[in-house]
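Enquirer: The structure is given below, and queries will be raised subsequently.
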Amino acid sequence: MDKNLIQRTISGLIYVFIIAICTTPLGEYLLGNIFPDLKQQYLFYGLITFFLVVGLYECVRIMKFDNSIYKWLVFPVAAIIYYRFSKRFFYHGFFFDVNFSEILALALIPIAAITLFKYTRELYFENGKLIFTVIYLALPFGFALGLPKFSTLDPDKPFTLEVFMLFVLIWSSDTFAYLTGKFFGKHKMAPKVSPKKTWEGFAGGVILTLILGFFVEKYFPELRGNWMIVGLLISIFAPLGDLVESQLKRSFAVKDSGNIIPGHGGILDRLDSFIICAPVIYLYFILEKLF
């Protein structure tokens, strides 16, 4: 058997296990006897924070910051923004009420993506690199903190599975799109950015992720929102997240964001879809609550 395939399989299984431990009540259940005060929300917060820190490091590496003040400002600026989300997370401040600052923050993410594709030269300046990195990573991971529900005071309200199911649907969307594209793909979606993506693969990902979303909605009614709609949104925006990261690497002539996951690349390579999908689903939850 191919050694690279074995390596990819083992590291992939470990990655999935870590996601499951940190985004479901399984983590608190398994580790509770060793750490009696450990709550599931701490594992989740640690996971998202780890993703943010490593993602920032990888983005600085990809964009090839000069050894200037902007390079050293990336982490403190991102930390300040992420701290505001962290306060809301631990004090249950994510009430999904619409406010101007939140709408502005959500609007900055597509603006950053448009800049990457249409005005790439702006990102060759150090201040442009700083702004893009902070928007691209600190805001999406911050909004990701607002997806699950939990209660520190009420043990009968367990940590909910929105983020875990988000990962499941992203993985299924990628897998379905890949398999459909492999067997039926003829028309390239974005040949210059991601040559392997096809419109047939995209359609297959949409249809099959919608079907999986139906079963999530049927068997997990306690989850916030309608998961057929969530599945549709994920199947549309997950490929976009992949294209954004591919364009970022292509713009700076980098093959992989890192090598922290053997055989799979870096954190940004694995979380490109999550980075775009998390704020989209957060916005959907806001609108779903309003209407």
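The values are calculated or read from the model by the stated rules, or taken from the named source; none is laboratory data. Keep in mind that what you see is a predicted model, and the values were worked out from it rather than measured. Every residue, glycine among them, receives a Cβ derived from its backbone with ideal geometry; neighbour counts consider all protein chains shown. Keep in mind that these areas ignore ligands, DNA and RNA; they rest on the heavy atoms of the full protein, side chains included. Shrake-Rupley method; radii C 1.70, N 1.55, O 1.52, S 1.80 Å.
Enquirer: Within segment 170-259, which GluC sites (Glu not before Pro) sit in a loop by DSSP and count at most 14 neighbouring Cβ atoms inside 10 Å? Intermediate values should be presented prior to the final figure.
Expert: Working: sites: GLU200, GLU217, GLU222, GLU245; in loops: GLU222.
In loop regions of segment 170-259 (DSSP not H, G, I, E or B), the sparsely surrounded GluC sites (Glu not before Pro) are GLU222.
Enquirer: Something else about it: Considering the options LEU47, TYR15, PHE65, tell which one lies farthest towards the positive end of the dipole of segment 14-84, charges being +1 on Lys and Arg and -1 on Asp and Glu at the Cβ, about the Cα centre.
Expert: Among LEU47, TYR15, PHE65, the one farthest towards the positive end of the dipole of segment 14-84 is PHE65.
Enquirer: What translational diffusion coefficient, in µm²/s and rounded to a whole number, does the Stokes-Einstein relation yield for segment 157-249 at 10 °C and a viscosity of 1.306 mPa s, taking the hydrodynamic radius as the Kirkwood radius over Cα pairs?
Expert: Numbers: Rh = 13.6 Å.
Estimated diffusion coefficient is 117 µm²/s.
Enquirer: How large is log10 of I(q)/I(0) for the chain at q = 0.08, 0.10, 0.11 Å⁻¹ when the intensity is taken from the Debye formula with one equal scatterer per alpha-carbon?
Expert: Relative scattering, expressed as log10 I(q)/I(0), comes to -0.34, -0.55, -0.67.
Enquirer: Accessible area of ILE34, 1.4 Å probe, to the nearest 10 Å²?
Expert: 110
Enquirer: P(r) tail for segment 1-97, what percent of Cα pairs lie past 24 Å?
Expert: Numbers: 2125 of 4656 pairs.
Percentage above 24 Å: 46.
Enquirer: In what sequence, highest mean first, do 270-283, 42-55 appear when ranked by Cβ atoms within 10 angstrom? Write down the numbers at each step before the final one.
Expert: Values: 270-283: 24.2, 42-55: 19.0.
By packing density, highest mean first, the sequence is 270-283, 42-55.
Enquirer: What 222 nm value per residue comes from the helices of the chain, counting each DSSP H run with n ≥ 4 as -39,500 (n - 2.57) and dividing by all residues, nearest 500 deg cm²/dmol?
Expert: Numbers: 11 runs with 199 residues, N = 291.
When only DSSP H runs of four or more count, the value is -23000 deg cm²/dmol.
Enquirer: Taking segment 68-170 on its own, what percent of its Cα-Cα pair distances exceed 18 Å?
Expert: Working: 3041 of 5253 pairs.
Looking at segment 68-170, the distances longer than 18 Å represent 58 percent of pairs.
Enquirer: What net charge is computed for the residues neighbouring PHE117, neighbours being all others with C-beta under 14 Å from the C-beta of PHE117, Lys and Arg scored +1, Asp and Glu -1? Before the final figure, lay out the partial values.
Expert: Numbers: positive: LYS118, ARG121, LYS192, LYS249, ARG250; negative: GLU122, ASP242, GLU245.
Taking every Cβ under 14 Å from that of PHE117, the sum is +2.
Enquirer: Which distance in Å, rounded to a whole number, links the C-alpha centroids of segment 1-57 and segment 241-285?
Expert: If we compute the Cα centre of each part, the gap is 18 Å.
Enquirer: Now for a different question. Report, in order of residue number, the helices in the chain meeting two criteria: a C-alpha extent of 15 Å or more along the helix axis, and a mean Kyte-Doolittle hydropathy of at least 0.5; treat each whole DSSP H run as one helix.
Expert: Answer set is 3-23, 40-63, 69-90, 100-118, 162-184, 199-219, 227-251, 267-290.
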